[in-house]
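Take a look at the structure below.
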Amino acid sequence: MAELIKIGIVSDFEGGTIQAVDVLDERVLVANINGEIFAISDNCPHADLPMFEDGILLEGCEVECPWHGSRFNLQDGKCLQGPSTEDVDSYHVTLDGNDVYLHREEL
Ligand code: FES
């Protein structure tokens, strides 16, 4: 069963920017792409390193890991370019008024 966790309000996520948000025990990358908010895990599966830091690249719906250049689709976490061969976890995000909720599956 999914757990809904409030991660902020709409104005916290400016269009075209990417942010790292701590959600319980993990860090999630959150981006507003053309008015829609998406969230994927910050953990790059290539070398198990956090992706968010100065230099993380956001281009359209793609994010590039600053360590070795793997690219992931922010909409679904799919790996688009290696060296990673694995996808990252992605999370459903919904709005309730101005509040932004991340749906996290209970472990
Ligand atoms: S740790 Fe992300 S590409 Fe290597």
If you check F52 against the conditions, is it at pLDDT below 95, over 14 Å from G15 (Cα atoms) and surrounded by 17 or more Cβ atoms within 10 Å (Cβ to Cβ)?
yes
Can you find a residue that is farther than 18 Å from R104 by Cβ, loosely packed, with under 15 Cβ neighbours inside 10 Å and more than 10 Å from the chain's Cα centre (by Cα) anywhere in region 18-25?
no
Hits in region 69-107 - residues which are out of contact with any Phe, Trp or Tyr (no Cβ under 8 Å at 6 or more places or on another chain) and of a type in the set (D, E, K, R):
R71, D76, E86, D89, D96, D99, E105, E106
Apart from one, (1) aliphatic (A, V, I, L, M); (2) farther than 22 Å from V10 by Cα; (3) out of contact with any Leu (no Cβ under 9 Å at 6 or more places or on another chain) all hold for V100; the odd one out is (2)
Restricting to region 40-68, name every residue that is hydrophobic (A, V, I, L, M, F, W, C), more than 11 Å from the ligand (Cβ to nearest atom) and not in a loop (DSSP other than H, G, I, E, B).
I40, L57, L58
Please determine, by comparing only the residues of region 58-67 that are in contact (Cβ under 8 Å) with a residue 24 or more places away in the chain and surrounded by fewer than 18 Cβ atoms within 10 Å (Cβ to Cβ), which one is farthest from the chain's Cα centre (by Cα).
G60
Mind telling me which of the residues G35, G82 ends up being at pLDDT below 95 and within 10 Å of the ligand (Cβ to nearest atom)?
G82
Selection over region 85-96 where residues are more than 16 Å from the ligand (Cβ to nearest atom) and more than 15 Å from S41 (Cα to Cα) yields a count of 3
Of (1) modelled with pLDDT of 95 or more; (2) within 20 Å of A2 (Cβ to Cβ); (3) part of a loop (DSSP other than H, G, I, E, B), Q75 fails just (1)
For residues in region 6-39 being in a loop (DSSP other than H, G, I, E, B) and touching a residue at least 60 places away in the same chain (Cβ under 8 Å), which is nearest to N98 (Cα to Cα)?
F13
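The values are calculated or read from the model by the stated rules, or taken from the named source; none is laboratory data. Treat the numbers as computed from the prediction; the structure is a model and nothing was measured. Backbone-built Cβ (ideal geometry, glycine too); neighbour counts: all protein chains shown.
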